[in-house]
Amino acid sequence: MHSDALIPDIANIVFINILSNVKLALISLWSLYMHSKTFDIFFKFFKQLGIEDGVINKVGSELKFMALEPSQVLLYQGEPQKYGYLIVSGVLRACYFSNAGNERCKEYYFQGEMTFLYSAWLTNTPANYQIDTLNKSEVIRIPLAILNSSNWQSAKLNLLQQQLLYKEEKEVFLLLKNPEERYIHMVKHAPKWLNSLNDIQLSAYIGISPISLSRIKNRIKKHHFNDVINLS
């Protein structure tokens, strides 16, 4: 075979190698970008909770960015809890599953929120609930052991304070408001819930049936939605 015939084959091999190297370089750059983005979100979140810059910088290598599919489980019911999840995008939830297969969701978590089970964290006991994704989500996985170290106590106290206030507000929501008032409250103060949850999920959280929720919606619509919202 004439040597000139080998030139196209050699050129193809060189071209393929170049493409492979470019692909690896792009993957490396993307990895660096995601790590930088992940750390920036993490840094800002805990900076607001009173942690010093140098303390935050030391734990960057312990973080993990995760792109998740719908219904992907992050913590199984009954397992020990090692991580919390800072939500970059999407919705997470904490649900209890009975032996009969019934599902009851106690909480939903949205972008910018830190997701983990406080009771299991504080008592170091297995999780009573499962944490999974409601839809496609992006999260930053954070070892909870970080929050137990002495330099992170201000973050721990601030998170506990936020949780206490949220629980108080939730008690008012569930105990002092009727179902229609609960729905109107969510329209006014938690529109992201209405945009992210279907009627079955929303009615279960409010504590009524989907049929009752539909009646509330129709009643509010019939009596002019904006007027009802402004009067509440």
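Summary table
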item	result
Per residue convex hull volume, Cα atoms of the stretch 131-232, in Å³	134
nm² value of the averaged projected area, convex hull over the Cα atoms of the stretch 107-170	5.1
Cβ-Cβ FRET estimate between Arg141 and Lys106, R0 fixed at 25 Å, reported to 0.05	0.70
Sequence-distant aspartates and glutamates (8 or more away, or on other chains) whose Cα lies within less than 15 Å of Lys222	Glu180
Proximal aspartates and glutamates relative to Lys136, as straight alpha-carbon distance under 17 Å, when same-chain residues fewer than 8 apart are discounted	Glu69, Glu113
Pairwise label distance in nanometres, Leu176 with Lys188, each label 7 Å out on the Cα-Cβ vector	1.3
Alpha carbon centroid spacing (whole Å) that separates the stretch 44-95 from the stretch 117-184	12
Over the stretch 40-134, volume per residue of the alpha carbon convex hull, in Å³	107
Positive-end residue, the stretch 94-156 charge dipole about Cα centroid, Cβ charges, pick of Ile140, Gln111, Ser150	Ser150
Residue-wise HN-Hα coupling along the stretch 116-123, computed from phi with Karplus coefficients 6.51, -1.76, 1.60 (Hz; x: Gly, Pro)	6, 9, 5, 4, 5, 5, 6, 9
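Only the coordinates and a few stated rules stand behind these numbers; no lab work does. Keep in mind that this is a model prediction, so the values were computed, not measured. Heads up, the Cβs are rebuilt from the backbone with ideal geometry, glycines too, and the neighbour counts pull from every protein chain shown.
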